[in-house]
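Working notes, structure below.
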Amino acid sequence: MTSEITSFKLIVMKDDFNEIELRKLDLNLLLVFSALMRERSVSEAANRLYLGPSAVSMALRRLRDAIGDPLFVRTNKGMEPTRRADEIWRLIAPALGAIDGAVRPSEAFDPSTAKLDIRVALPDDLEFVLLPRLLKRLAAEAPGIRLIVRPSDFRTLLDRLDDGDADLALSATPTSGIEQRHHIKPLHRESFSVLYDAKMTEVSSNLDLDTWLAHPHVLLTIRGDLHSTLDERLADSGRSRNILVGISHFPTAPFVLRSMPSFLSMPSLAASHFASTYDLEIAKPPLDVGEFEVSLAWHARTHADVAHSWFRKTVDLVVSKIRYETFGPTVG
């Protein structure tokens, strides 16, 4: 650590930064701050930086004095950042990642010998379809890469990336909250299909609205309610459907559909695989339920990493191959 700081001014990395102002900063304090944001623990941050806990505590006191904010508050879950700390982290994390990528010597990456753990956030319908194929490919090309799969959807994936719980997320493209530190790559447009047991419902593949409404429905409900925008649209036209059950995980659905005559509307890619795996039928929805975009998302801190870049390309290729084998070459 260098000399004491008498004043602190957060400098956002840009082409007109002031070297005189930067000289007033002890940039090592920002590395301590980064470690604390990642680990939420003085002792773990010390281990990450190969320092003693007392050195990290001293650096935190200096940083608190310089910024004029507590930055971290002790809770039963560890060191929780204040609002000011979150604001600072949002600005400096991409800058630190860019500096790291700029000064780190480029290294040749060989997936066959790489040893790496990667955290992937997946919604459970994509986990069911993607994970077995992805693991098979990794076993052949990169046996030293291990995956840690975390649950996520478009509402939570950016938080997963920001908190370091995930290095890569695959989900519907978030509709809000995307910032400069987030990298988003659209993969394809996803439609919806109706999944059901033909024997239980005695329904053919030509599904009309009256037949669809005549049977109970299984609803995926992350928030625990039994209502959706689709039900609002039906209400506007004077119609309604009977919700049999609300479930929080798609893999539960096939067992419900095979035990009760009912329908489930879900993304078409997963629906096709559920149908073939569990001997179920799929049909086009009897009304327009729209489409959505599916994307890969990752954080700026892993953007320049060659191993993570290779893994992202691999996931992209595996998803593309699954879609081609499921729908053929004409589906975008």
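The values are calculated or read from the model by the stated rules, or taken from the named source; none is laboratory data. What you see is a predicted model, and the numbers here were worked out from it, not measured in a lab. Cβ sites come from the backbone with ideal geometry, for glycine too, and all protein chains shown count toward neighbours. Quick note on the areas: whole protein, heavy atoms, side chains included, nothing else; ligands and nucleic acids left out. Shrake-Rupley method; radii C 1.70, N 1.55, O 1.52, S 1.80 Å.
Structure summary
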| read-out | value |
| --- | --- |
| Per-region count, segment 288-306, residues open to solvent by 40 Å² or more (accessible area, probe 1.4 Å) and either of a type in the set (Ser, Thr, Tyr) or closer than 30 Å to residue 262 by Cα (or both) | 5 |
| Qualifying residue in segment 254-269 (condition: among the charged types (D, E, K, R), free of Cβ contacts under 8 Å to residues at least 40 places away in the same chain and over 24 Å from residue 151 (Cα atoms)) | no |
| Residue that is out of contact with any Pro (no Cβ under 9 Å at 6 or more places or on another chain), without any contact (Cβ under 8 Å) to a residue 24 or more places away in the chain and in a helix (DSSP H, G or I), where the choices are 90, 61 | 61 |
| Qualifying residue in segment 147-165 (condition: modelled with pLDDT of 90 or more and over 24 Å from residue 35 (Cα atoms)) | no |
| The listed residue being over 29 Å from residue 119 (Cα atoms) and in contact with a Phe, Trp or Tyr (Cβ under 7 Å, 6 or more places away or on another chain), out of 280, 230 | 280 |
| Test: residue in segment 17-30 that is farther than 25 Å from residue 301 by Cα and either at pLDDT 90 or above or open to solvent by 90 Å² or more (accessible area, probe 1.4 Å) (or both) | yes |
| Yes/no for residue 235 being open to solvent by 20 Å² or more (accessible area, probe 1.4 Å) and over 22 Å from the mean Cα position of the chain (by Cα) | yes |
| Tally of residues being among the charged types (D, E, K, R) and either under 31 Å from the mean Cα position of the chain (by Cα) or crowded, with 16+ Cβ neighbours inside 10 Å (or both) across segment 238-255 | 1 |
| Filtered residues of segment 121-173 (kept if among the charged types (D, E, K, R) and free of Cβ contacts under 8 Å to residues at least 60 places away in the same chain) | 127, 136, 146, 150, 159, 160, 163, 165 |
| Residue 139 vs. criteria in contact with a Leu (Cβ under 7 Å, 6 or more places away or on another chain) and under 24 Å from residue 303 (Cα atoms) | no |
| Filter result for residue 271 (buried (at least 18 other Cβ atoms within 10 Å of the Cβ), under 21 Å from residue 250 (Cα atoms) and not charged (D, E, K, R)) | yes |
| When residues of segment 252-281 are limited to those that are of a type in the set (Gly, Ala, Ser) and out of contact with any strand residue (DSSP E or B) (no Cβ under 6 Å at 6 or more places or on another chain), the one nearest to residue 218 (Cα to Cα) | 259 |
| Answer residue from segment 66-105, given it is surrounded by 16 or more Cβ atoms within 10 Å (Cβ to Cβ) and β-branched (Val, Ile, Thr) and is modelled with the highest pLDDT among those | 88 |
| Search result, residues across segment 73-95 that are more than 13 Å from residue 36 (Cβ to Cβ) and either within 22 Å of the chain's Cα centre (by Cα) or not charged (D, E, K, R) (or both) | 75, 76, 87, 90, 91, 94, 95 |
| Of all residues making up segment 218-251, the number that are in contact with a strand residue (DSSP E or B) (Cβ under 9 Å, 6 or more places away or on another chain), under 22 Å from residue 154 (Cβ atoms) and not aromatic (Phe, Trp, Tyr) | 15 |
| Top-ranked residue of segment 209-230 - restricted to ones that are surrounded by fewer than 17 Cβ atoms within 10 Å (Cβ to Cβ) and under 29 Å from the mean Cα position of the chain (by Cα), ranked as nearest to residue 291 (Cα to Cα) | 229 |
| Matching residues, segment 307-332, being in contact with a strand residue (DSSP E or B) (Cβ under 8 Å, 6 or more places away or on another chain) and open to solvent by 40 Å² or more (accessible area, probe 1.4 Å) | 320, 331, 332 |
